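All remarks here apply to the structure that follows.
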Amino acid sequence: MPELPEVEILKRQLIQVISGAKILKISILDEKLGPPINLAGRTIISLSRKGKELHIGLDDGNTLLLHLRMTGRLLWQEDSALQLPHTRFSITFSHGRLDLIDPRRFAHFKVEKEPIGSHTEAMDPLNGFSVRLIGETGRKKKLPIKSFLTNQRLIAGIGNIYACEILHAAKLSPLRKTCDLSPRERALLADSATAILSKAIACRGTTVSDWRDLFGQKGEYQDCLKVYGRKGEPCPRCGAAIERLKLAGRGTYFCPACQI
DNA sequence: CCCTATGTTCCCAA
DNA sequence: CTTGGGAACATAGG
């Protein structure tokens, strides 16, 4: 469920709440997440985001890697009595508890020794995303531009909702072949991605079903969506009816009149 | 029962 | 090798 803006919000809130804090206990309540681990006594020394993945650095050199996938969410609980259904792990601190809640159990969690170790760096749309990079990587790609945008090995963090919105802002059909984009179109695409993701972060994410931030609050960006989930409604830019098609198994919303 | 869902991975076919 | 389609993972909701 969370894409780049939502994970960025969680990261910033976690920095406020658990940066420098010491772990008292960690309970893995779903064996699918991995074997029990003992992190008692470890201190959180860093928090970062890579695409949709959260990296929690510990003082013993280990890093906790968390990917929320479709329905995972993190919740900061100060009332220790409250435990929501589908809670999959709890990390207890002296001043509260961090819970992972995940009905569909798709979330991934692992402990890694490597401090940084990445081989193929995907571009981050908020850091180093440029027309030049879209050009270099996309010039040879014949896949639809929407598939290019959502391919995490090429660009880290854009998911289904924001891909639809970015393509609408850039006036590009989701089916356009990536290699066919002109320099002007690539520039508009890069600008649109930066603008939409930044605004979504400023709006604290998109709550169309169950996204909540670390404190259980909804986002605001759902009120800014132009095409996602709006099949049959008029395009805010040109008035034509929004269409929906299926691309790579995902619902894809676009305006057939002004996205070409 | 049908379909849908903010994600990723794997298998198979063209 | 590249691309696309479909299924799988597991659960809730319309």
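The packing ranking, built from the mean of other Cβ atoms within 10 Å per residue, places the peptides A:165-176, A:225-236 in the order A:165-176, A:225-236, highest first. Inverting the pair-averaged 1/r between distinct Cα atoms of chain A gives 19.5 Å as its Kirkwood hydrodynamic radius. Most tightly packed first, judged by the mean number of other beta-carbon atoms within 10 Å of their residues, the peptides A:75-86, A:188-199 read A:188-199, A:75-86. May I ask you to list the residues of segment A:228-260 whose amide nitrogen lies under 19 Å from a point 7 Å from Cα along the Cα→beta-carbon direction of residue A:191? Taking a point 7 Å out along Cα→Cβ of residue A:191, the residues of segment A:228-260 whose backbone N falls under 19 Å are A:237-238, A:258-260. Centroid-to-centroid, using Cα positions, segment A:17-37 and segment A:64-110 are 9 Å apart. Each residue of segment A:21-31 is assigned a 3J(HN,Hα), and the resulting list reads 7, 9, 6, 8, 7, 10, 10, 8, 9, 10, 4 Hz, derived from the Karplus form 6.51 cos²θ - 1.76 cosθ + 1.60 (θ = phi - 60°), x at Gly and Pro.
Think of each Lys and Arg Cβ as +1 and each Asp and Glu Cβ as -1; about the Cα centre, that makes the dipole of segment A:47-106 roughly 440 debye.
Values in this text are rule-based calculations from the coordinates and carry no lab data. Because the structure is predicted, anything quoted here is derived from the model rather than measured. Methodologically, a virtual Cβ is constructed for each residue, glycine included, from the backbone with ideal geometry; neighbour enumeration extends over all protein chains shown.
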